[in-house]
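The values are calculated or read from the model by the stated rules, or taken from the named source; none is laboratory data. Just so we're clear, the structure is a prediction, and the values are computed from it rather than from any experiment. Don't worry about glycine lacking a Cβ; one is built from the backbone with ideal geometry, like all the others, and counts go over all protein chains shown. Please note that ligands, DNA and RNA were not included when accessible areas were found on the heavy atoms of the full protein model with its side chains. Shrake-Rupley method; radii C 1.70, N 1.55, O 1.52, S 1.80 Å.
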Amino acid sequence: VAGGGVGAIETVLALRALAGHTVAIDLVAPGDEFIYRPLVVTEPFGYAPALRLPLARLADTHDVRVHRAALEAVLPAEKSIRLSGATTLSYDYLVVAVGGRGKPWLPGALTFTGAPDGVDAYRALLDELEAGDVSRLLFAVPPGAAWALPTYELALLTAAWEPEHGVIGAELAFATPEQRPLEVFGLAAARAVSDLFGDRGIALHCGAAVASFSGERVELTDGIHIEADRVVTLPQVGANPVDGLPQDDRGFIPIDDYAAVLGLEDVWAVGDATSFPIKQGGLATQQADAAAAAVAERLGAAAQAEPFAPVMRGLLLTGVTSAYLRADLGNGSGAAKGEAAFNSLWWPPSKIAGRYLAPYLAGQSDLAGVPELHDRAPAGIDERARVAHEEQRRLALELADADANWGDHRSALRWLQTVEWLDGALGPELADRRARWEAELRQSR
Ligand SMILES: Cc1cc2nc3c(=O)[nH]c(=O)nc-3n(C[C@H](O)[C@H](O)[C@H](O)COP(=O)(O)OP(=O)(O)OC[C@H]3O[C@@H](n4cnc5c(N)ncnc54)[C@H](O)[C@@H]3O)c2cc1C
């Protein structure tokens, strides 16, 4: 397995679940940890830091040999790969999950890559808002956006942050080439997001991307101008080409419905590196499950290769109650059926709803008995669902505080984990509380 991100880890977990220990797994990745990028958008606002999983932990729990190197070339005729450092490794089956390359696309804009410097730059922008040096902010979804949701989250989290920091009168605007907000999730999500934007006073412009930014003014592709001191956007996802693999006209790896690489034997590719147009963690895991099932079947395990059926699950962090969005993409021709709710539509309610990844990561906090990922019936966006969510949250917090008062910090931390699941992320005040209780627990040992 080449890669150390979402698709690679899901492949490893799925392979072990489906094929047991009949297979030796090598993982090739340049870094030594997996960073849970979807939660990085909350870091500038002081939320709990995004989870970082050392790959050594996966090596221990799932019997994987980790090579700290980059895949440079695939040599299909020899069934081997060439790694940085000029070593080679042979394979029977190869799964490529090397991700994409984030490319800045708008000169003058703050491009939030999810890397630490992007988090620092966004913190500096919040300081400027607080000091009154910046008062007009535009959030721009990149053209041809492969995954628009984090841009919406930055806008909503900023709008929720402002009143808490005494920022009054700042103008927030949002531009997207989509015809409706979060279009891929269908009408229910579009309505939910429009309502949230209305409530927070964010001006929404759909159907046009940003064409240019002068430093004071933005021009949209439909000719509209918006005054803005700063523009915030995400990078476009570009290809991360590997020698010896086929590429489409944009450099991405073409795959079939089973995630098998077109024209090659025994090689699969999953995630942002592939030609699938939407670049999203949940989809990467679904492709990884298809690839792992195909490999397990060839290994003679009781697994059956099945095409991946893309289902989008998006947990939108709003700074207040998180929204859960779900859409079946069917044959990829658009959102066939979309749902939106303020109660979790799947369990565990994680940002990246991987069948094996979500329970695995949830289990890292020592919580026993986490079930496999499954979908739940939607309760719709109604007042009852909101109230039920608040009630569960309130109860979990009360139990956490009660346990902490008794000195049972281990149990208190578990209740806090429940709150994190319910909200999708832990806010600044609760993140502090967790750090305090963790310190108390360490001291008591
Ligand atoms: C700010 C932000 C927020 C996001 N929010 C969400 C969200 O809420 N929900 C969601 O589902 N998705 C979200 N995404 C998208 C999601 O993170 C990606 O779609 C997902 O990580 C893709 O998985 P992947 O395995 O293809 O690539 P990645 O997770 O990027 O992993 C690629 C891995 O390959 C490694 N690598 C690179 N080159 C090589 C090489 N030559 N050889 C070996 N290894 C290599 C990298 O080091 C990395 O470990 C977000 C992305 C960003 C940037």
Return a single number: how many Lys pairs in the chain, at a sequence separation of 8 or more or on separate chains, have alpha-carbon atoms below 22 angstrom apart. 4
Residues in segment 244-270 that a label on residue 26 would reach, taking backbone N under 16 Å of a point 7 Å out along Cα→Cβ: 267-268
Using 1/(1 + (r/R0)^6) with R0 = 41 angstrom and r between the beta carbons of residue 86 and residue 168, what's the FRET efficiency to the nearest 0.05? 0.10
Antiparallel DSSP bridges in the chain: what percent, to the nearest 5? 55
Run the dipole for segment 275-359 about the Cα centre, Lys and Arg Cβ at +1, Asp and Glu Cβ at -1, nothing else charged, and hand back the magnitude in debye, nearest 20. 180
Under the 0.36 nm per residue contour assumption, what length would be gained going from the current alpha-carbon distance of residue 120 and residue 187 to full extension? 20.6 nm
State in Å² the accessible area per residue of the chain; use a 1.4 Å probe, count heavy atoms of protein chains only, and round to the nearest integer. 44
For segment 184-242, which GluC sites (Glu not before Pro) pass both filters: DSSP loop (anything but H, G, I, E, B) and at most 11 other C-beta atoms within 10 Å? 216
I need to check one value: relative contact order of the chain, counting alpha carbon pairs closer than 8 Å and at least 6 residues apart, in percent. 16
Enter the Cα centre distance for the pair segment 274-339 and segment 236-266, rounded to the nearest angstrom. 18
Would you kindly give the portion of the calculated P(r) for segment 21-154 that falls above 18 Å, as a percent of all Cα pairs? 67
Under the classification rounded if a/c is under 1.5, otherwise prolate if a/b is larger than b/c and oblate if not, where does segment 103-217 fall, given a ≥ b ≥ c as square roots of the Cα gyration tensor eigenvalues? oblate
Spelling it out for residue 28: with amide H atoms placed in the peptide plane at 1.01 Å from N, the residues 5 or more places away or on another chain with amide H under 5 Å from its amide H are 2, 3, 67
Which ³J(HN,Hα) values in Hz, rounded to whole numbers, follow from the phi angles of segment 218-230 under the Karplus curve 6.51 cos²θ - 1.76 cosθ + 1.60, where θ = phi - 60° and Gly and Pro get x? 10, 10, 8, 5, 8, x, 6, 10, 10, 6, 8, 7, 9
Kindly write out, for segment 239-246 in residue order, the coupling ³J(HN,Hα) from the Karplus curve 6.51 cos²θ - 1.76 cosθ + 1.60 (θ = phi - 60°), rounded to whole Hz, with x marking Gly and Pro. 7, 10, x, 10, 4, x, 9, x
Excluding ligands, DNA and RNA, the carbon-plus-sulfur percentage of the accessible area of the chain with a 1.4 Å probe reads 49
With every protein chain in place, what's the accessible area of residue 78 (1.4 Å probe, Å², nearest 10)? 130
Could you tell me whether the chain comes out rounded, prolate or oblate from its Cα gyration tensor? Rule is a ≥ b ≥ c as square roots of the eigenvalues, rounded for a/c under 1.5, then prolate if a/b exceeds b/c, otherwise oblate. oblate
Segment 42-101 to segment 1-31: how many Å between their Cα centroids? 8
Taking Lys and Arg as +1 and Asp and Glu as -1, residues besides residue 23 with C-beta under 9 Å from its C-beta add up to 0
Classify segment 208-367 as rounded, prolate or oblate from the Cα gyration tensor: take a ≥ b ≥ c as the square roots of its eigenvalues, call it rounded if a/c is under 1.5, otherwise prolate when a/b beats b/c and oblate if not. oblate
Given backbone amide H placed at 1.01 Å from N, residues whose amide H is under 5 Å from that of residue 274, ignoring those fewer than 5 places away on the same chain, are 253
Estimated distance in nm for a label pair at residue 78 and residue 61, the labels positioned 7 Å out from Cα along Cα-to-Cβ: 3.6
Take residue 440 and residue 203, extend 7 Å from each Cα along the Cα→Cβ direction, and tell me the distance between the two endpoints in nm. 4.8
For segment 77-150 the translational diffusion coefficient, Stokes-Einstein from a Kirkwood Rh over Cα pairs at 4 °C and viscosity 1.567 mPa s, in µm²/s, is roughly 79
In debye to the nearest 20, how big a dipole does the chain give about its Cα centre with +1 on each Lys and Arg Cβ and -1 on each Asp and Glu Cβ? 580
For segment 431-443, in residue order, the Karplus 3J(HN,Hα) values (coefficients 6.51, -1.76, 1.60; θ = phi - 60°; whole Hz; Gly and Pro = x) are 4, 4, 4, 4, 4, 4, 5, 5, 5, 4, 5, 4, 5
